[in-house]
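Visitor: Starting off with a structure, shown below.
The values are calculated or read from the model by the stated rules, or taken from the named source; none is laboratory data. Note that this is a predicted model, so its numbers are computed, not measured. As a convention, Cβ positions derive from the backbone with ideal geometry for all residues, glycine included, and neighbour counts pool all protein chains shown.
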Amino acid sequence: MRVRRFGASIIGLVCASIFWLLANVIVSQLGEWLSISMNKYVEQIGSLWLMFLLMGLTIFIISRSARHEQLKIWNQMSDTIKRIAAGDFSAKIQSDSKDMKNSRHPVTKLVNQINHLAVELNEMEKIKQEFISNVSHEFQTPLTSLKGFAHLLKNPDISEENRIYYLSIIEAETMRLSKMSENLLKLTALEQQVEPIEKARFSLDKQLRRIILLCEPHWTEKNIEIDLDTSPVNIDGDEGLLNQVWTNIIHNAIKFTKEGGVIAVQVKQAPAHVIVEIKDDGIGMTEDQVQRVFERFYKADKSRNAGGSGLGLSIVQKIIELHEGQVEVESDYGKGTLFRVKLPKVD
């Protein structure tokens, strides 16, 4: 700060000296041109007044120019904010002003914040549009099936066998719609924290054993072997929400594991975390699929043969975040997938 003040003083002194010399030259030349003989005192007084006049005129011109530039920036900011408020998130403030080139200038900081806000709002708009598109698509597919099979049921000549088959499809698609709506409401409630999570201490190993037993009809149907490796361990959490986490991940593992495959569930203890790893030897995922696996409505299985709404893992991630934990995915395409969940350890 002192160095800056000293530098400013030097610059001011140099400028004043230049204006003083310039005023002296003008007064001297003016006296010669008008053939007026002036004594030294009058000449210096005239030079002093002329110096002040030149300095004032220079300051006025510079300040007028700076004020015009600042007014231009403020007008740009005002127009950009109006465009953003109207929904045009591609709006951006651009200026070649010297002030804008100074990253520490308050105006530069404000402009950068407005531009950053526009970028973030633009990203949010894209996410919203993608979400609406995904919701429309996911709901449209079962609704189309319902409409089609309901129309077929109107035919009085259909066989009893076909009638039962059509009704079973209608029932399945109705359940799919119901589950999708339930998951959407669940995810929204979790994100807005409508109902705060209720943490209590419970046995994690017992919870995992219970869920594996509840899933038994699914994994025995595909002749899948499930290996559970855990010792008694307690955690603090919302037992109901975490129950949904393990159920979703294990169901996914069963869904994508081939006939006669193996799913390994292992609980480890680190200094600050309890780690649950659920590994399958199923179809696996590509690197791009791993990056997007927690996105809403994203399905690694593009054929949709595996079913599901694409919301389960988004819910899993949100529940783990609410427990101040982490969920990670590792996958090798064609060889299997590993889900790793880290939860805070009980003190």
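Visitor: Can you tell me which of (1) of a type in the set (Phe, Trp, Tyr); (2) surrounded by fewer than 16 Cβ atoms within 10 Å (Cβ to Cβ); (3) in contact (Cβ under 8 Å) with a residue 40 or more places away in the chain is the one TYR165 doesn't meet?
Guide: (3)
Yes or no, residue by residue, for (1) under 22 Å from GLN317 (Cα atoms); (2) assigned to a helix (DSSP H, G or I):
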position: ALA172; (1), (2): no, yes
position: SER178; (1), (2): yes, yes
position: GLU191; (1), (2): yes, yes
position: PHE202; (1), (2): yes, no
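Visitor: So in region 197-233, with the set limited to residues that are loosely packed, with under 14 Cβ neighbours inside 10 Å and in contact (Cβ under 8 Å) with a residue 40 or more places away in the chain, which one is farthest from ALA270 (Cα to Cα)?
Guide: Across region 197-233, the extreme among qualifying residues is GLU198.
Visitor: Now, a different point. Would you check which residues across region 285-332 are in a loop (DSSP other than H, G, I, E, B), modelled with pLDDT of 90 or more and touching a helix residue (DSSP H, G or I) at 6+ places or on another chain (Cβ under 8 Å) and list them?
Guide: HIS323
Visitor: Restricting to region 264-284, and then to whatever is within 26 Å of ARG176 (Cα to Cα) and hydrophobic (A, V, I, L, M, F, W, C), can you tell me which residue is modelled with the lowest pLDDT? Break it down stepwise before answering.
Guide: First pass over region 264-284, keeping only residues within 26 Å of ARG176 (Cα to Cα): 278, 280, 282-284.
Filter once more, so that each one left must be hydrophobic (A, V, I, L, M, F, W, C): 278, 283.
On the way: ILE278: 95, ILE283: 89.
So the residue we want is ILE283.
Visitor: Name, by its number, the condition in (1) surrounded by 14 or more Cβ atoms within 10 Å (Cβ to Cβ); (2) at pLDDT below 70 that does not hold for PHE139.
Guide: (2)
Visitor: Show the residue pairs that are 6+ apart or on different chains and have beta-carbon atoms under 6 Å apart, the first residue being within region 171-196 and among the polar types (S, T, N, Q), the second being modelled with pLDDT under 75.
Guide: If the second residue must be modelled with pLDDT under 75, the pairs left are ASN183/SER309; ASN183/LEU311.
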